[in-house]
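Trainee: Quick one: this structure, given as structure tokens, is what I'll be asking you about.
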Amino acid sequence: MRKTAVILCLFLAAVILCGTAAAEDRVFTDSLGREVLLPAEVTNVAPSGSLAQIVLYSFGEENFVTISSALKEGERHFLADRLDNLPVTGSMFGSKATMNPEEIIAMDKKVGIDVIIDVGEPKKNMAEQMDDIQEKTSVPFVFITQSTLDSIADSYRTLGEMLGQEERGEELAEYLGGIVSMYEENMEKIGDDKVSAIYVTKIDGNAVNLLGHNSYHAEILDGIADNIAPEAVAGSGLGDQYTMEDIFQMNPDYIIVSGSGLFDHDYYNEIMGSEMWAALPAVQEGRVIESPADAPWAWMGNPPASHRLISILWLGNIFYPDVFDYDLEEKVKEFYAMFYNYELSNEEYAEMLKYSTGNAEQTASSPAPVLGVLAGLGAAFLLRRR
């Protein structure tokens, strides 16, 4: 009888303990409508892809137990040192997808993953793929949508809910939502009086990559200017390739050029030092502006996460200073403090925006516009024939 009583007590204790453990778990509904069982307290997060890494960082570097890819120079400069020593889990989706169940299982045993999050644009069959890898690894997978400006604020609220950091999520969402609202109101004032612009992402001799309009990556450029590059064909953040002859025919008011790296100005210098580019009025009149790259991520949005909202503040202030009227330096430093926990120095700000104000000290010397354009077209034609 005593043995039976002891066994019964042990059984009841086990039932109570199991019930308590189950009560500690919670069901979280992600942006795909999937119900995912998560621990009551989520502390060990693994990002899948760059967008997830960017969004998660705003909630604190202590949440990371892995990173999605090895850090670049700019990320090392601005982000916490501990991230550089974390294991790499890779990405589940996209052209750089490397994540597989075996590696996730091994990583989970090593660091103890509470959840793997992916952030971005929802795609076909994504829910099924996440369910499949979750079943194979027994590690929860969550997807959070952040594909357009209108979805950015809610993505921070959703992540804040998942992490149990609702107040922080709301703080970030309110800040970003305020930028979007200001942008929409100001662009209504601008109406049809937009400047024309192109965004040069890469230069290789006569080959020039532009970010075409109506692409996932060009949302900011399409909205704040008349993006006169043809409609995008490639889905890459590098856009599509054109020739100098094409650029002369577009003849934009402004040329936005990507920085070639942290505090590097190779592409800008190539444009300003080229006789061919010098034939363009935008180059002659100093309307070539460089977009900071790898700071810690490209301001124009490659990848196209929340940091691209800095481009709204920046380009709006350059293109329409009477409408987007504020102290840009103050706004940029505020963003870095809030989202990267980084105090941007005066020197860093000056170097990052050395050629990014639209009033560049360096202007190209060129022949008379008509003759210069003809010379440029001729040179472009010869290069193309080669």
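The values are calculated or read from the model by the stated rules, or taken from the named source; none is laboratory data. Bear in mind that the values here come from a model prediction, so they are computed numbers and not experimental data. Ideal geometry is used to build each Cβ from the backbone, glycine not excepted, and the neighbour counts take in all protein chains shown.
Trainee: Could you list, in sequence order, the residues of region 123-141 that are surrounded by fewer than 18 Cβ atoms within 10 Å (Cβ to Cβ) and within 22 Å of the chain's Cα centre (by Cα)?
Mentor: Lys123, Lys124
Per-residue answers, yes or no, for (1) of a type in the set (Phe, Trp, Tyr); (2) more than 29 Å from Phe59 (Cβ to Cβ); (3) assigned to a helix (DSSP H, G or I):
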residue: Tyr267; (1), (2), (3): yes, yes, yes
residue: Ala278; (1), (2), (3): no, yes, yes
residue: Val283; (1), (2), (3): no, yes, yes
residue: Gly286; (1), (2), (3): no, yes, no
residue: Pro304; (1), (2), (3): no, no, no
residue: Asn317; (1), (2), (3): no, no, yes
residue: Pro321; (1), (2), (3): no, yes, no
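Trainee: Which condition does Asp118 not pass, out of (1) within 22 Å of the chain's Cα centre (by Cα); (2) of a type in the set (Asp, Glu); (3) surrounded by fewer than 20 Cβ atoms within 10 Å (Cβ to Cβ), if it passes all the others?
Mentor: Of the numbered conditions (1) within 22 Å of the chain's Cα centre (by Cα); (2) of a type in the set (Asp, Glu); (3) surrounded by fewer than 20 Cβ atoms within 10 Å (Cβ to Cβ), the odd one out for Asp118 is (3).
Trainee: Another question, if that's okay. Look at Tyr156 and say whether it is in contact with a Gly (Cβ under 7 Å, 6 or more places away or on another chain), under 30 Å from Val42 (Cβ atoms) and among the aromatic types (Phe, Trp, Tyr).
Mentor: Yes: the conditions hold for Tyr156.
Trainee: Say whether the condition of being surrounded by fewer than 12 Cβ atoms within 10 Å (Cβ to Cβ), modelled with pLDDT of 90 or more, within 26 Å of Phe335 (Cβ to Cβ) and outside the structural domain of Gly237 (by TED's automatic domain parsing) is met by at least one residue in region 34-51.
Mentor: Among the residues of region 34-51, not one is surrounded by fewer than 12 Cβ atoms within 10 Å (Cβ to Cβ), modelled with pLDDT of 90 or more, within 26 Å of Phe335 (Cβ to Cβ) and outside the structural domain of Gly237 (by TED's automatic domain parsing), which makes the answer no.
Trainee: In region 246-264, how many are among the acidic types (Asp, Glu) and within 24 Å of Met352 (Cα to Cα)?
Mentor: The total comes to 2.
Trainee: Evaluate region 257-266: report whether one residue or more is over 16 Å from Ala197 (Cα atoms), touching a Pro at 6+ places or on another chain (Cβ under 7 Å) and touching a residue at least 24 places away in the same chain (Cβ under 8 Å).
Mentor: Scanning region 257-266 turns up at least one residue that is over 16 Å from Ala197 (Cα atoms), touching a Pro at 6+ places or on another chain (Cβ under 7 Å) and touching a residue at least 24 places away in the same chain (Cβ under 8 Å).
Trainee: Please go through (1) within 16 Å of the chain's Cα centre (by Cα); (2) in contact (Cβ under 8 Å) with a residue 12 or more places away in the chain for Gly177 and return the number of the only condition it doesn't satisfy.
Mentor: So Gly177 meets the others, but not (1).
Trainee: Got a sec? Which of Thr89, Thr98 is touching a Gly at 6+ places or on another chain (Cβ under 7 Å), at pLDDT below 95 and either under 23 Å from Leu238 (Cα atoms) or β-branched (Val, Ile, Thr) (or both)?
Mentor: Only one candidate qualifies: Thr98.
Trainee: Hey, among Ile224, Ile220, Ile203, which residue is over 20 Å from Trp297 (Cβ atoms), assigned by TED's automatic domain parsing to the domain that holds Leu315 and touching a helix residue (DSSP H, G or I) at 6+ places or on another chain (Cβ under 6 Å)? Walk me through how you get there before you give the answer.
Mentor: Values: Ile224 fails: over 20 Å from Trp297 (Cβ atoms); Ile220 fails: over 20 Å from Trp297 (Cβ atoms).
Just a single option satisfies the conditions, and that option is Ile203.
Trainee: Within region 233-263, can you find the residues that are under 30 Å from Ala350 (Cβ atoms) and either in a loop (DSSP other than H, G, I, E, B) or not hydrophobic (A, V, I, L, M, F, W, C) (or both)? Break it down into steps so the answer makes sense when it comes.
Mentor: Quick first cut of region 233-263, residues under 30 Å from Ala350 (Cβ atoms) only: 237-239, 247, 252-263.
Gly237, Leu238, Gly239, Pro252, Asp253, Tyr254, Ser258, Gly259, Ser260, Gly261, Leu262, Phe263 - these are the residues of region 233-263 that are under 30 Å from Ala350 (Cβ atoms) and either in a loop (DSSP other than H, G, I, E, B) or not hydrophobic (A, V, I, L, M, F, W, C) (or both).
Trainee: Something else about it: Residue check: is Met250 among the hydrophobic types (A, V, I, L, M, F, W, C) and either at positive phi or surrounded by fewer than 21 Cβ atoms within 10 Å (Cβ to Cβ) (or both)? First the steps, then the outcome.
Mentor: Working: among the hydrophobic types (A, V, I, L, M, F, W, C): yes; either at positive phi or surrounded by fewer than 21 Cβ atoms within 10 Å (Cβ to Cβ) (or both): yes.
Against the criterion (among the hydrophobic types (A, V, I, L, M, F, W, C) and either at positive phi or surrounded by fewer than 21 Cβ atoms within 10 Å (Cβ to Cβ) (or both)), Met250 qualifies.
Trainee: Enumerate the pairs (first residue in region 274-299 and farther than 28 Å from Tyr336 by Cα; second residue anywhere and of a type in the set (S, T, N, Q) and not in a loop (DSSP other than H, G, I, E, B)) with beta-carbon separation below 6 Å, excluding pairs fewer than 6 apart on the same chain, so at least 6 apart or on different chains.
Mentor: That search, which allows pairs on different chains as well, returns nothing.
Trainee: Considering only residues of region 183-215 that are free of Cβ contacts under 8 Å to residues at least 40 places away in the same chain and among the aliphatic types (A, V, I, L, M), which is farthest from Tyr57 (Cα to Cα)?
Mentor: Result: Ala207.
Trainee: On to the next question. Of the residues Ile144, Ile152, Ile104, which is within 26 Å of Glu290 (Cα to Cα), surrounded by 22 or more Cβ atoms within 10 Å (Cβ to Cβ) and not assigned by TED's automatic domain parsing to the domain that holds Ala225?
Mentor: So the residue among Ile144, Ile152, Ile104 that is within 26 Å of Glu290 (Cα to Cα), surrounded by 22 or more Cβ atoms within 10 Å (Cβ to Cβ) and not assigned by TED's automatic domain parsing to the domain that holds Ala225 is Ile152.
Trainee: Also, I was wondering about something else. If I ask for residues that are among the small types (Gly, Ala, Ser), out of contact with any Gly (no Cβ under 9 Å at 6 or more places or on another chain) and outside any helix (DSSP H, G or I), which ones from region 214-232 would you list? Reasoning before the result, please.
Mentor: Pass one, region 214-232, residues among the small types (Gly, Ala, Ser): 215, 218, 223, 225, 229, 232.
Subset that is out of contact with any Gly (no Cβ under 9 Å at 6 or more places or on another chain): 223, 225.
If the condition is that a residue be among the small types (Gly, Ala, Ser), out of contact with any Gly (no Cβ under 9 Å at 6 or more places or on another chain) and outside any helix (DSSP H, G or I), then Ala225 is the only one that fits.
Trainee: Look at region 255-273 and say how many of its residues are among the aromatic types (Phe, Trp, Tyr) and either buried (at least 19 other Cβ atoms within 10 Å of the Cβ) or more than 29 Å from Phe339 (Cβ to Cβ) (or both).
Mentor: 2
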